[in-house]
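For reference, the structure is listed below as structure tokens.
All of the numbers you see were taken from the coordinates with simple rules; none came from a lab. Quick caveat, the model's predicted, so the values are computed rather than measured. So basically every Cβ, Gly included, is an ideal-geometry build from the backbone, and we count neighbours across all protein chains shown.
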Amino acid sequence: MMSHKARWAMALGVGMVCSSSAVAAGPSAEQALALQPIQANVDFQRPEPNEIPKCSIAAEKVGEATGWVVTGPSGERLRVFLDTNNDKKVDLWSYYKDGVEVYRDIDTDFNGKADQYRWLGMAGTRWGLDKDEDGVVDQWKMISAEEVSAELVEAAKAGDADRFAALLPSDSELKALGLTGARAQDVTKKVQNGVQEFSAWVRQQKAIGKGTKWVHFGATRPGVVPAGAEGVTQDLVVYENAIAVLESGGEHGQVELGTLVRVGDAWRLIGSPVYTGGSGDVAANTQGYFFSVSYSGSPAAGQGGMGMGAEMQEILNSLETLDQKMGQAATPEQREQIALQRVEVIKKVIAAANDDEMRENWIKQLADALSGGIQTGELTQGLDQLQSLADQVEARAPKTELAAYVRFREMSAEYALQFQDPKADYAKIQDAWLEKLEGFIETYPKSPEAAEAMMQLAIAHEFAGEEDDAKKWFGRIRGEFSGTALADKANGAIRRLDAVGQPFAIRGKTMDGKALDSSAFKGRPVLVHYWATWCEPCKDDMAIMRQMQAKYGARGFQLVGVSLDSSEDELKQFLTANRLSWPQLYEEGGLDSRYALEMGVLTLPTMILIGPDGKVVSRSLHISQLDTELGKLIK
């Protein structure tokens, strides 16, 4: 996006705003409105498609700068793109909402790339610096405590340690706090260990997922640590026991942020967060770093801590080091060696854990590490270890969710390993696998893995053309695991299997921000194509879809793409490089997104053909059948 802006800036000729020829040759309002902020999730005004022709653009002088001003149908400002140093290149891109500026990208070194990002007006106070001009904030020049808590949640959702690091004090800011002696050493150590602790916490915590929303920031009023207090040479303004309140799937929880300290115009964290649980919970760390007052207003019970025991921290640090090495490993042999070392370190974590919940979480991680490594071929050995782990857990805690979790992963790993044998009898292996799944369901009928086992059975029967058996298993998931994502997907799968002859419509916003309702295409045949950028057959099908659009488009044929990508950025990159002439719907979640759940889409590509009467003609169309089917529908 920055290079796009840079190219456009080179062509603007904004230093010649008094020249009518320059204005005539300038960009159109539609071109200007196509530009997007570099930072994601900026809430700015986007005119509806039918309003864009009514928008206007003019070369103007704004203060001491010159540039282009885009106004809406009512004369309200929508965008302002300025040349502030009179070199005939845009270096400031401003975005407005309801006539008020809410965000700007800034190029302070005038090289055509933004290096600062500011939120303004009611959009907040954040002011980010991007030293290497890669579109990622390296340091916050200005940020409120509330915005720090929201940024931390976003960093956890993405597992982005760099985004978290930007919330910690820099070395110069630590010095500016004026701390001395043991206090200075303690705070410095917390900051230096912050990123590693954050990475370890992200792997353990269950509070924050991709669908988690930040709700609000909670804390008592900020306090002042006066100069003269132990290790403090100047007044410090701090929040103690601050929390971020979260919402996930209708359930509320919270993450304790610990202590925040103000450095100039920015607030900084001095440690890694602690998850405290579900709805209504109060922060577990009731002892502040500077003050012994909890968020609830109750007296502190004793010295709290955001870190963990030295032994555990050392083990987790070694795990972090192995993760980094894995990313640098060049050969399968190196990757397997590191994977085996990682397994041994996780065993040490389990042995050192002094909390039952933590121990259980790490046992699950060990099962995942072994099972995942075996299934990807990263671990050529490990099945014996996984089987032994499953036996041990089952012996200590028979028929528990933990036992089901480990056993299911052991079964899946063994199944995958059998299929890696080129001499295998695949039909025999598949029959044995289905029998094992049914036995697992009988042993652990209420476990989440039982729902997954039922889903695997349903998929196997559907692929075999045994749709009644498939619907039986989908129905059990829907009835016995109501309220779960798998139940929603099973319900959608039943809807899909029964779809032929039924009315069908899909609704949402396209990638270019337009509202789409397929029922508006009634009277025309419609193909709904579920796909993803990682699905090569899906992309291969698009060539034929283009041919069918050229052949039947003038006679009403309509295509609708539904991307089930997990990354919107990857989808945008693909669409930029491969211009598709039909609308594309997208929502977060990939194969667990709303679109996938509504029709129980389990494999890609999936194509649903709708007749001119708005009813489903085919729910599992193959691209090779499209020409024939359209020929029948279009007379």
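Observations on the model:
- Over the stretch 445-590, the alpha carbon radius of gyration divided by the compact-protein estimate 2.2 N^0.38 Å works out to 1.20.
- FRET efficiency, I429 to A229 (Cβ-Cβ, R0 56 Å, nearest 0.05): 0.20
- Measuring between their Cα centroids, the stretch 329-388 and the stretch 152-221 lie 27 Å from each other.
- Selection among G611, S518, S566 by position relative to the dipole of the stretch 507-633 gives G611 as farthest towards the positive end (Cβ unit charges, Cα centre).
- Cα-based radius of gyration of the stretch 566-614 once divided by 2.2 N^0.38 Å, which approximates compact folds: 1.32
- For the residue pairs K206/K348; K54/K88; K88/K141; K97/K175; K399/K489, the C-alpha atoms sit more than 32 angstrom apart in K97/K175.
- Note on the chain: dipole from Cβ charges, positive end direction compared against L580, Q418, L633; the farthest Cα belongs to L633.
- Here is how the number arises for the chain: DSSP H runs of 4 or more residues each give -39500 (n - 2.57), the sum is divided by the residue count, and the result at 222 nm is -13500 deg cm²/dmol.
- Expressed as a fraction of 2.2 N^0.38 Å, the C-alpha radius of gyration for the chain is 1.12.
- Magnitude of the charge dipole, the chain, Cβ model with Lys/Arg +1 and Asp/Glu -1, debye to 20: 1780 debye
- The distance separating the Cα centre of the stretch 236-263 from that of the stretch 53-124 comes to 34 Å.
- Charge tally around Q116: other residues with Cβ under 12 Å, Lys/Arg +1 each, Asp/Glu -1 each, net -2.
- Of I429, W93, A200, farthest towards positive along the dipole that unit charges on Lys, Arg, Asp, Glu beta carbons give the chain: W93
- Convex hull volume per residue in cubic angstrom - Cα atoms of the stretch 23-154: 119 Å³
- The GluC sites (Glu not before Pro) found in the stretch 145-250 that occupy coil by DSSP, while having at most 12 further C-beta atoms within 10 Å, are E230.
- Relative contact order computed over the chain (Cα-Cα under 8 Å; 6+ residues apart), in percent: 6 percent
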